[in-house]
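The block underneath contains the structure these notes are about, expressed in structure tokens.
The values are calculated or read from the model by the stated rules, or taken from the named source; none is laboratory data. Note that the structure is a prediction, hence the values are computed from the model and not measured. Because the Cβ atoms are built from the backbone with ideal geometry, glycine has one as well, and the counts that use them run over all protein chains shown. Just the protein is used for accessible areas: all its heavy atoms, side chains included, with ligands, DNA and RNA removed. Shrake-Rupley method; radii C 1.70, N 1.55, O 1.52, S 1.80 Å.
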Amino acid sequence: MKAAPARSPAKPKFRRIVLKLSGEALKNSASGEPIDAAILARVCQQLKEVHDLGVQVGVVVGGGNIFRGLSGMRSKGTDRATGDYMGMLATVINGLALMDGLERLGVQVRVMTAIPMDKVAEPYILRRALNHMEKGRVVIFVAGTGNPYFSTDTTAALRASELGAQVLMKATKVDGIYDKDPKKFSDAKKFQTITYLEALSRRLDVMDSAAFSLCLDNNIPILVFDLEAPDSIRKAVLGQSTGTIVK
């Protein structure tokens, strides 16, 4: 009896990616725990599986699970610039948590920060970041751009542009971009693909205009997908995602 032929290994669609991961993705919404250990482990396992495919991985992480600058300004009376800096520091905490989780799985990681803090992370230097990625290390970018008034979405678009990433992947809690909130409207229509300009003109709440403009100018597609779906990051890298492409 003939043995079944071995399955060919999965071939990734992208060689180098930047993943935008919100801080809220690490939060346990039921308990309010800012960094849920089980969620963190699940995300790190997915990143390891993508890394094992030979994909060069950069991660930009937000800090909204700990502190969000704009809402902090509105609800707590914090100055906008001060609130943004507080939010940047929150991203460092999340980045270190991701680093620890990935290293426990045997993945080499470097955390690079836009705000100098040499006791905690490396300074962000483009050539050094590229060198890390080419050597197979996952690079986690924290502290945003280092400037107030810029979101981590803009940071992700900037890093993707600088690093020559083939795609910017935005992990969300919905399976793509809709013409209106699918959690509120049962007739919400999902886009399979959409242009940057259409997304901007429709004011779709996916990324801010600065992030869209950077991706448009540098011809970087944005893939919006559901992080909570099984194997979502791996499927996105293999081109099997059912999310929405902005191009």
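What number, in percent, do you get for the relative contact order of the chain if the mean sequence gap of Cα pairs under 8 Å and at least 6 apart is divided by its residue count?
22
Given charges of +1 on the Cβ of Lys and Arg and -1 on the Cβ of Asp and Glu, with all other atoms neutral, how large is the dipole of region 141-201 about its Cα centre, in debye to the nearest 20? Mind showing how you got there, number by number?
On the way: 8 positive and 7 negative charges, 41 e Å.
In total the dipole reaches around 200 debye.
In debye, nearest 20, what is the charge dipole magnitude of the chain about its Cα centre with +1 on Lys and Arg Cβ and -1 on Asp and Glu Cβ, if you could check?
Charge dipole, the chain, about its Cα centre: 580 debye, nearest 20.
Quote the charge dipole size of region 101-229 about the Cα centre in Debye, to the nearest 20; the model charges only the Cβ of Lys and Arg (+1) and of Asp and Glu (-1).
On the way: 17 positive and 16 negative charges, 47 e Å.
So the dipole magnitude of region 101-229 works out to roughly 220 debye.
Identify all aspartates and glutamates with a Cα-Cα distance to residue 27 below 14 Å; exclude those on the same chain that are fewer than 8 residues away in sequence.
List returned: 36, 228.
Averaged per residue, what accessible area in Å² does the chain show with a 1.4 Å probe, protein chains only?
51
Towards the positive end of the charge dipole of the chain, with charges on Cβ (+1 Lys, Arg; -1 Asp, Glu), say which of 151, 219, 64 has the farthest Cα.
My answer, from the dipole projection, is 219.
Please work out whether region 95-168 counts as rounded, prolate or oblate from its C-alpha gyration tensor, where a ≥ b ≥ c are the square roots of the eigenvalues and a/c under 1.5 means rounded, while otherwise a/b larger than b/c means prolate and anything else oblate?
Oblate, because a/c is 1.5 or more while a/b does not exceed b/c.
Find the centroid of the Cα atoms in region 169-226 and in region 94-163, then give the distance between the two in whole Å.
First find each Cα centre; the distance between them is then 24 Å.
So if each residue of separation counts as 0.36 nm, and I subtract the Cα-Cα distance between residue 122 and residue 41, what length gain in nm does that give? Mind showing how you got there, number by number?
Working: separation 81, 0.36 × 81 = 29.16 nm, distance 2.36 nm.
Result for the pair: 26.8 nm of gain on full extension.
Return the FRET efficiency for the residue pair residue 193, residue 28: r is the Cβ-Cβ distance, R0 is 30 Å, and the value is rounded to the nearest 0.05.
0.35
When the helices in the chain are scored as -39500 (n - 2.57) per DSSP H run of 4 or longer and the sum is shared across all residues, what 222 nm value do you end up with, to the nearest 500 deg cm²/dmol?
Helices in the chain give a 222 nm mean residue ellipticity of -11500 deg cm²/dmol.
Which three extents, in whole angstrom, do the alpha-carbon atoms of region 134-215 cover along their principal axes, largest first?
46, 29, 21
What is the sum of charges around residue 16, taking Lys and Arg as +1, Asp and Glu as -1, for the other residues whose C-beta is under 14 Å from the C-beta of residue 16? Mind showing how you got there, number by number?
Numbers: positive: 13, 15, 135, 137, 159; negative: 134, 162.
It works out to a net charge of +3.
Taking K and R as +1 and D and E as -1, what net charge do the other residues with C-beta under 15 Å from the C-beta of residue 112 add up to? Please report the intermediate quantities before stating the final value.
Numbers: positive: 110, 119, 127, 128, 135, 137, 159; negative: 118, 122, 134, 162.
Charge balance in the 15 Å sphere: +3.
Can you send over the carbon and sulfur percentage of the accessible area for the chain, probe radius 1.4 Å, protein chains only?
The computed percentage sits at 51.
Restricting to the chain, what percent of DSSP beta bridges are antiparallel, rounded to 5?
That works out to approximately 15 percent antiparallel.
Given the Cα-Cα distance of residue 104 and residue 203 and 0.36 nm per residue of separation, how much length would full extension add, in nm?
31.6 nm
Across region 31-186, how many lysine pairs separated by 8 or more positions, or lying on different chains, have Cα atoms within less than 21 Å?
7
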